[in-house]
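The values are calculated or read from the model by the stated rules, or taken from the named source; none is laboratory data. On a predicted model such as this, the values are computed, not experimentally measured, just so you know. Using ideal geometry, Cβ is built from the backbone for each residue, glycine included, and neighbour counts are taken over all protein chains shown. These accessible areas exclude ligands, DNA and RNA; they are computed on the full protein's heavy atoms, side chains included. Shrake-Rupley method; radii C 1.70, N 1.55, O 1.52, S 1.80 Å.
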Amino acid sequence: MNNQNNESSSASLYQEACQVLAGGVSRNTIYRNPYPYYAQSASGCRVKMIDGVEKIDFANNMAALIHGHVHPAITDAVTEQLRLGTAFTLGTEAEIRFAQHLCQRAPGFEKIRFVNSGTEATMAMIKVARAFTGRPKIAKAEGAYHGSYDFAEVSQTASPANWGDSASPNSVRVAQGTPQSVLDEVIIFPYNDPEKVIAILNQHAGEIACVLIDPVPHRIGLMPGTNEFINAIYKWTRENSALLAFDEVVTFRTKYGGAQELYEVKPDITALGKIIAGGFPGGAIAGSNEVMRVLDPAGEMLVPHSGTFSANPVTMTAGRIAMEMFDQKAVERLNQLAMKARSQINEAIKVADIQACVTGAGSIFRVHLKPEPPSNYRETWIAPSTTKLLKELLDELFQQGIMMINTCSAALSTVMTENEIDKLSQAMLQGFRKIKPKLENEKL
Ligand code: PMP
């Protein structure tokens, strides 16, 4: 291993990056202190850094690469499409074939619209809900990440200094300069607390277009929404003529038809992204014929929607191949592998005798430096000193050849085997042992 050279090359590349990229990065996700690392190439579940050091990739581009890197079936299909053209001011057969595939994955997917990212998907979903109901407000869970649309991001980074009473959480701006009028249109509720959420929603009955729910919200702690919580919200939306809108940008991978398969009640509209685009930029909204009619250009067109690269045939081809390969059997196999990972990490927690726990669903999981699994944003939140220890854990894993998402979360890919899971849990054990003495001084 040539770790020293890798570090120095990354350090010098970052210096160059700072001259031309704002803050030296194009997305904060990859930022690391003192500098980010740079990729050279990848194959399967292994990423080669510049200078050739290899890591096992448990981040998979923020949970987007369901089959790992450079899957031959996707590469071949996309290469063929590249020769035919990458984007036209015309429709393509590729978008129809892909929509046909997605529509048969979940009963509520009667119509699809493609977009270019998860952010665009949640934005389009909110606009459709507003147009359909004729109402301006949305309700969302404190701490939930739904992309960077002004309204969708409210309270995503709330902290003890500004979050207020949990019975009526404040609407907290993320980007400085976000207008107060935006905050006024977003109602915030605590996740997994049916009583509080209904009391809050009741105060705004008649004004709410949709209740936006991520069924396994990553930033909130990656704990699945309880049946009781989802049922209560569904019932409220029926009684108050609002829509139930699911953000399944991350969670679609948890079941063949998304995490919504797990609940008795179904959303009216769903935002998709990440894995459905087969490694390329993409996203979609899917919903009932009735709701999606607001997008129909031959009708009243209550929501005019376009996008220069929406449904480009490269993404459509990659997405269809990736999703066809992610069939029932592949989903279940990957979920089993993740179950094994969670169980081995739990074992490492026991052996290291550390105050930590692991949450997750399907093929995603997250390690917390907390004795008990958190069920909402406030319980997930950790003080800056504990965040520093989490970073130490991530650094230790990285040194041992494991790349995680920076919240200490992982999203498996279908090319992984038990071998990679064993490596992960061994590295976790070492990492836990390293930070344990310092964690014992933390107030958790
Ligand atoms: N919703 C959720 C639940 C997400 O996790 C993300 C991205 N991490 C988004 C929406 C936004 O997706 P994108 O980064 O593709 O805009």
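If we sort 360-368, 425-433 on the protection proxy, mean other Cβ atoms within 10 Å, highest first, what's the order?
Result, highest mean first: 360-368, 425-433.
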Over region 130-223, relative contact order from alpha-carbon pairs under 8 Å, at least 6 apart, %: 39 percent
When only alpha-carbon atoms count, how far does region 70-116 stretch along each of its three principal axes, as whole angstroms with the largest first? 35, 28, 18
To check my understanding: the extent here is largest minus smallest coordinate of the Cα atoms along each principal axis. What are those three numbers for region 1-120, in Å, largest first? 52, 32, 30
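How big is the antiparallel share of DSSP beta bridges in the chain, given as a percent to the nearest 5?
Around 60 percent of the beta bridges assigned by DSSP in the chain are antiparallel ones.
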Classify the chain as rounded, prolate or oblate from the Cα gyration tensor: take a ≥ b ≥ c as the square roots of its eigenvalues, call it rounded if a/c is under 1.5, otherwise prolate when a/b beats b/c and oblate if not. oblate
What relative contact order, as a whole-number percentage, does region 72-325 give when Cα pairs under 8 Å and 6 or more residues apart are counted? 29 percent
The chain, relative contact order in percent, only Cα pairs under 8 angstrom and at least six apart counted: 20 percent
Determine by what factor the alpha-carbon radius of gyration of region 131-250 differs from 2.2 N^0.38 Å, reporting the quotient. 0.97
Whole-Å semi-axes of region 72-325's equivalent ellipsoid, largest first, each the root of 5 times a Cα gyration tensor eigenvalue? 32, 18, 18
For the chain, give the percent of accessible area contributed by carbon and sulfur heavy atoms, probe 1.4 Å, rounded to a whole number. 51 percent
Using the charge dipole of the chain (Lys, Arg: +1 at Cβ; Asp, Glu: -1 at Cβ; taken about the Cα centre), state which of Ser409, Ala131, Val291 has its Cα farthest towards the positive end. Ser409
Mean Cβ count within 10 Å, highest first, over the residues of peptides 345-351, 140-146: 140-146, 345-351
Cα convex hull of region 173-213 - mean projected area over all directions, nm²: 3.4 nm²
Å² of accessible area per residue within the chain, as computed with a 1.4 Å probe and no ligands counted: 43 Å²
Restricting to bridges with both residues inside region 72-325, how much of the DSSP beta-bridge set is antiparallel, in percent to the nearest 5? 40 percent
For the chain, what does -39500 (n - 2.57) per DSSP helix run (n ≥ 4), summed and divided by total residues, give at 222 nm, in deg cm²/dmol to the nearest 500? -12000 deg cm²/dmol
Once amide hydrogens are built 1.01 Å from N within the peptide plane, the residues lying 5 or more places from Ala209 or on another chain with amide H under 5 Å from its amide H are Lys137, Ile138
Take each complete run of DSSP H in the chain, measure how far its Cα atoms stretch along the helix's own axis, and keep only those covering 20 Å or more with mean Kyte-Doolittle hydropathy at least -0.5; list them. 118-133, 328-352, 384-399
Using per-residue counts of other Cβ atoms within 10 Å, averaged over each peptide, order 281-289, 84-92 from highest down. 281-289, 84-92
